[in-house]
1. Based on the alpha carbons, how large is the Rg to Rh ratio for the range 299-363 when Rh follows Kirkwood?
2. Using the per-residue mean of other Cβ atoms lying within 10 Å as a proxy for protection, in what order, highest first, do the peptides 158-165, 224-231 fall?
3. Tell me, what is the per residue accessible area of the range 340-389 in Å², probe radius 1.4 Å?
4. Taking the highest mean first, how do the peptides 169-179, 278-288, 13-23 order by number of other beta carbon atoms within 10 angstrom per residue?
5. Please report the net charge: other residues with Cβ closer than 15 Å to the Cβ of LEU355, K and R +1, D and E -1.
6. Put +1 on the Cβ of every Lys and Arg and -1 on every Asp and Glu Cβ in the range 110-260; which of THR127, LEU110, TYR235 then has its Cα farthest towards the positive end of the dipole?
7. What aspartates and glutamates could a cross-link reach from LYS142, if we take a straight Cα to Cα line under 16 Å and drop same-chain neighbours fewer than 8 places away?
8. Measure nothing but the geometry: give the 0 to 90° angle between the long axis through the Cα atoms of 43-55 and the longest principal axis through the Cα atoms of the chain, rounded to 10°.
Amino acid sequence: MIDGSGSWALRLRNGQAVFDEFMEAAPFPISRATLARRTGLSKPTVSALVSDLEDAGVVSLIPPSETSQGRIGRPATPYALVPDAALVVGVDMGATKIIVGVADLLGRVLAEDRIETGSHARVAVDTVVGATTRLLETLGGKDHLLESGCVGVPGVYRPRLDRVEMSPNLAGFADLPIRAELSERLGVPVTIENDVNLAAVAEAEAMDDLGGLDFVAISVGTGIGAGLVMDGRLYRGGHGAAGELGSIDICGAGDDRAGRLTLEDVASAPAIRRRFRQAIDTGLTSRLERDAEVSEILLAASSGDEAASEAIGIAAEAMASAVAWLCWFSDPARIVFGGGVGSNPTFVDAVRSKLDRHLDETPELVASALGNRAAFTGAISTARASVRTTFVRGRLGR
């Protein structure tokens, strides 16, 4: 938001309004007359601002021959956003892998890398910085065009403390001011957000119907988390920890261990692999090796494999119980399952088959079409949204 009074602040606010319209229209061109109508600004004001944005390399004139074929009369003069006038970096910092990508203003990923996370959060931060630098070099040294970044983290981010908490699958965040460090080392403002919240952002943008305005995105992989979207807005809660579904206590659900038992202990990828080995040890048959991957266990379960069906059934029952609790509390219209386990249709079908026993009316359950890229896609989107609030001030203020 551009604050202040006087002609300079007014010019920036008007420039922001025009830039927003270019972003909404992209990749299609838009005329100055249309900009004036949509923003409510006078045509001379719009023309001056478009000229300023053109001088700053943000928009460009589209040659009449490309837009006026077959038209009669004087054609409008269209301008279009220059997609690579600014770049953003989006990161999904997972417990086992990191996805780093550089995208343009349209959200098109121009360069991307996938790296093993490492054993410590500081190592992960070093990896993000190094990968971003390499990717910008592959794009021809466009580091000066980088405007913003967003990093999804596997835990709860506390903005006031600049610290990630509740991250059992990636250690080392306790004494790491992650936003400040990444912003300094990358040289641009960096947003830190819970990875499943970013997945929810991406899922919301991928929906094209009103039924998606109230939904929950549940990621099931190495860990389990949920992102809540209410009335079209991401809900973080009073302390930023809304959606920590994997931490709820489901003691007694498919396990005879004493003490606290969380959903993550029963329904995550490591838990499914552990339960599969236990099923074999108790005499259930399987065509798979004892150390099979979860993707193999899910495939085997879909064809009736005894040990695989046992492991997936227990995980699905625990998840159905947690989903029922979530529905009683927030009544979502839809639940989107993502992550390496959750986006598998076999897992979703297993949960659906058990949910009817918990609820009289069940929400729509679907597997994410974005799969393991949901958090990364949400990071790119969030970084682009950040650019929209800072870009005009930076370019027109030079």
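1. So for the range 299-363, dividing Rg by the Kirkwood Rh gives 0.98.
2. On the way: 158-165: 14.4, 224-231: 23.0.
Most protected by this proxy first, the peptides run 224-231, 158-165.
3. With the other protein chains kept in place, the range 340-389 gives 45 Å² per residue.
4. Packing order, densest peptide first, comes out as 13-23, 169-179, 278-288.
5. With Lys, Arg at +1 and Asp, Glu at -1, the net is -3.
6. Working it through, the farthest residue towards the positive pole turns out to be THR127.
7. ASP84, ASP104, GLU112
8. For 43-55 against the chain, the angle is about 70 degrees.
The values are calculated or read from the model by the stated rules, or taken from the named source; none is laboratory data. Values in this document were obtained by computation on a predicted structure and should not be read as measured data. Neighbour counts are summed over all protein chains in view; Cβ atoms, including those assigned to glycine, are modelled from backbone coordinates with ideal geometry. All accessible areas refer to the heavy atoms of the entire protein, side chains included, with ligands and DNA or RNA removed. Shrake-Rupley method; radii C 1.70, N 1.55, O 1.52, S 1.80 Å.
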